[in-house]
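J.: Quick one: the structure is below, questions incoming.
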């Protein structure tokens, strides 16, 4: 167990849920998006990396992990469900808890691969991560380019921090697009490079 990684994950979770950022999310969709991204893209993998030696026996199916992460992100951005979390503190806490749980599930097949994948990396990991970018890219592109305010709660208020509600929404969509792309595709490229390197080494050894 790596305590410093667990501590870093806990610190990021505090920034997302209890710092001043947590009080801005009701005024800016961008701040709300930052919360989600910090919980799923930073807190969850840091906690898994920190507790890697403890949870080695937990092997959820990758398809279930992928669906958990994807469905959670899409479901909580449905306008009616999204605004429920804005109106109710209890639902907001539940939303944050589900993002953390979904993040832990989603990153598990990447950080805690099966024993055979640890010994010989599998092409399933890059494919898993690439496919995960597609629904997030679709959602973020919709928020960035739809041309109208999707969530009435943000549209009803005035502009904050120099951003109109529509500009805030476009920024939130762009932020999600860029962050998810880098967070998913960089690990995918690293694994792909390892796979290519291993295949080349085996080819050389075969001659």
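J.: Being over 23 Å from the mean Cα position of the chain (by Cα), assigned to a helix (DSSP H, G or I) and surrounded by fewer than 15 Cβ atoms within 10 Å (Cβ to Cβ) is the filter; apply it to region 136-158 and report the residue that is modelled with the lowest pLDDT.
T.: Within region 136-158, the match that is modelled with the lowest pLDDT is 156.
J.: Scan region 23-49 and report the pairs whose first residue is more than 22 Å from residue 132 (Cα to Cα) and whose second residue is outside any helix (DSSP H, G or I), with Cβ atoms within less than 6 Å and a gap of 6+ or a chain change.
T.: 27/160; 28/160; 31/25
J.: Hey, residue 58 hits all of (1) under 19 Å from residue 143 (Cα atoms); (2) touching a helix residue (DSSP H, G or I) at 6+ places or on another chain (Cβ under 9 Å) but one; which does it fall short on?
T.: Going through (1) under 19 Å from residue 143 (Cα atoms); (2) touching a helix residue (DSSP H, G or I) at 6+ places or on another chain (Cβ under 9 Å) one by one, residue 58 breaks only (1).
J.: I'd like to know if region 91-102 contains one or more residues that are farther than 23 Å from residue 15 by Cβ and at pLDDT below 95.
T.: no
J.: Could I ask something else about it? Mind telling me which of the residues 44, 75, 68 ends up being within 16 Å of residue 97 (Cα to Cα), within 19 Å of the chain's Cα centre (by Cα), exposed (fewer than 14 other Cβ atoms within 10 Å of the Cβ) and modelled with pLDDT of 95 or more?
T.: 75
J.: Let me ask something additional. Take the conditions free of Cβ contacts under 8 Å to residues at least 24 places away in the same chain and either surrounded by 15 or more Cβ atoms within 10 Å (Cβ to Cβ) or under 20 Å from residue 169 (Cα atoms) (or both) and apply them to residue 9. Does it pass?
T.: no
J.: Could you tell me whether residue 193 is over 15 Å from residue 37 (Cβ atoms), without any contact (Cβ under 8 Å) to a residue 40 or more places away in the chain and assigned to a helix (DSSP H, G or I)?
T.: yes
The values are calculated or read from the model by the stated rules, or taken from the named source; none is laboratory data. On a predicted model such as this, the values are computed, not experimentally measured, just so you know. So basically every Cβ, Gly included, is an ideal-geometry build from the backbone, and we count neighbours across all protein chains shown.
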